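K.L.:
A single structure is presented below for examination.
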Amino acid sequence: MSQTSSDILQVRVEALASLCSSLAAALSEAGFTGSQLNEIFSNHVRGECVQCGIQISGDDMGRIAMAGEAVELPNPKLGRLRQGYCARNGCDSFYYRVHLGDYVNLDWAKIREKADSLRGAAQADAAKAPGAETSAVRKRILMRVGAGVVVVAILLIWRHWIYYGYVPLLQRPHKYTIDPASAGHGPAR
Ligand SMILES: [Zn+2]
């Protein structure tokens, strides 16, 4: 079996999990069952570091995709992958080659196209993403976007607090302004 360019793709390490989720969503939308998905990811999908050549299974990618941000991964190799680093401690590569192997009735070119559109739809407009299968992918992307917004909000509040000495919405501004009634040179009554 020879692999064509449509069966190999190069992605950044931090994109492995979302790639895996969107491929899984596209496969299930195309009618593949859960056990077929397991078999495909266990035996027909693998990743390989472009720099050091270390290999990871499709299952490994699935585990990173399934584990939320807060979940402690038991395997330090998976922990590094989730953080966007190569699985090999000390390798500074940011890219992995993902090999998509042959499987009965599976047209990877079509699945990839579908996966790309699912990801695009989820990113562009949550309401337009069709089907329940995509909701996990959509939710994950939205959660990431949401987390980013929260971080930005915290930074803005922090900066506001540093500059102005109070937290907007939670505290009333300190009264630095002079009350005209006590200033003595207000308008005569
Ligand atoms: Zn590496």
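K.L.:
Does residue 13 satisfy the condition of being within 22 Å of residue 116 (Cα to Cα), within 14 Å of the ligand (Cβ to nearest atom) and buried (at least 16 other Cβ atoms within 10 Å of the Cβ)? Step through it out loud before you land on a result.
P.N.:
Numbers: within 22 Å of residue 116 (Cα to Cα): yes; within 14 Å of the ligand (Cβ to nearest atom): yes; buried (at least 16 other Cβ atoms within 10 Å of the Cβ): yes.
In short, yes.
K.L.:
Quick one: in the range 103-119, of everything that is among the aliphatic types (A, V, I, L, M) and in contact with a helix residue (DSSP H, G or I) (Cβ under 6 Å, 6 or more places away or on another chain), which residue is nearest to the ligand (Cβ to nearest atom)?
P.N.:
Keep residues of the range 103-119 that are among the aliphatic types (A, V, I, L, M), which gives 104, 106, 109, 111, 115, 118.
If we keep only those that are in contact with a helix residue (DSSP H, G or I) (Cβ under 6 Å, 6 or more places away or on another chain) as well, we get 109, 111, 115, 118.
Details: 109: 27, 111: 26, 115: 24, 118: 28 Å.
Checked the range 103-119; the qualifying residue nearest to the ligand (Cβ to nearest atom) is 115.
K.L.:
Condition check: touching a helix residue (DSSP H, G or I) at 6+ places or on another chain (Cβ under 8 Å), assigned to a helix (DSSP H, G or I) and at negative phi. Does residue 22 satisfy that? Walk me through how you get there before you give the answer.
P.N.:
Values: touching a helix residue (DSSP H, G or I) at 6+ places or on another chain (Cβ under 8 Å): yes; assigned to a helix (DSSP H, G or I): yes; at negative phi: yes.
Criteria met by residue 22.
K.L.:
In addition: Would you check which residues across the range 31-47 are among the hydrophobic types (A, V, I, L, M, F, W, C) and either within 16 Å of the ligand (Cβ to nearest atom) or surrounded by fewer than 20 Cβ atoms within 10 Å (Cβ to Cβ) (or both) and list them?
P.N.:
32, 37
K.L.:
Of everything in the range 78-92, what is on the phi > 0 side of the Ramachandran plot and within 10 Å of the ligand (Cβ to nearest atom)? Give them in sequence order.
P.N.:
The one that is on the phi > 0 side of the Ramachandran plot and within 10 Å of the ligand (Cβ to nearest atom): 90.
K.L.:
All but one of (1) part of a helix (DSSP H, G or I); (2) under 20 Å from residue 141 (Cα atoms); (3) within 16 Å of the ligand (Cβ to nearest atom) hold for residue 28; which doesn't?
P.N.:
(3)
K.L.:
Here are some residues: 81, 100. Which one is touching a helix residue (DSSP H, G or I) at 6+ places or on another chain (Cβ under 9 Å) and at pLDDT 95 or above?
P.N.:
Of 81, 100, the one residue that is touching a helix residue (DSSP H, G or I) at 6+ places or on another chain (Cβ under 9 Å) and at pLDDT 95 or above is 100.
K.L.:
A follow-up question, please. Out of the residues in the range 48-64 that are within 16 Å of the ligand (Cβ to nearest atom) and closer than 22 Å to residue 104 by Cβ, state the one that is surrounded by the most Cβ atoms within 10 Å (Cβ to Cβ). Walk me through how you get there before you give the answer.
P.N.:
Here is the first cut: in the range 48-64, the residues within 16 Å of the ligand (Cβ to nearest atom) are 48-57, 60-61, 64.
Now narrow it down to the ones that are closer than 22 Å to residue 104 by Cβ: 57, 61.
Numbers: 57: 14, 61: 26.
For the range 48-64, the residue satisfying everything is 61.
The values are calculated or read from the model by the stated rules, or taken from the named source; none is laboratory data. Owing to the predicted nature of the structure, the values given are computational and were not obtained by experimental measurement. Glycine also receives a Cβ, built like all others from the backbone with ideal geometry; neighbour counts cover every protein chain displayed.
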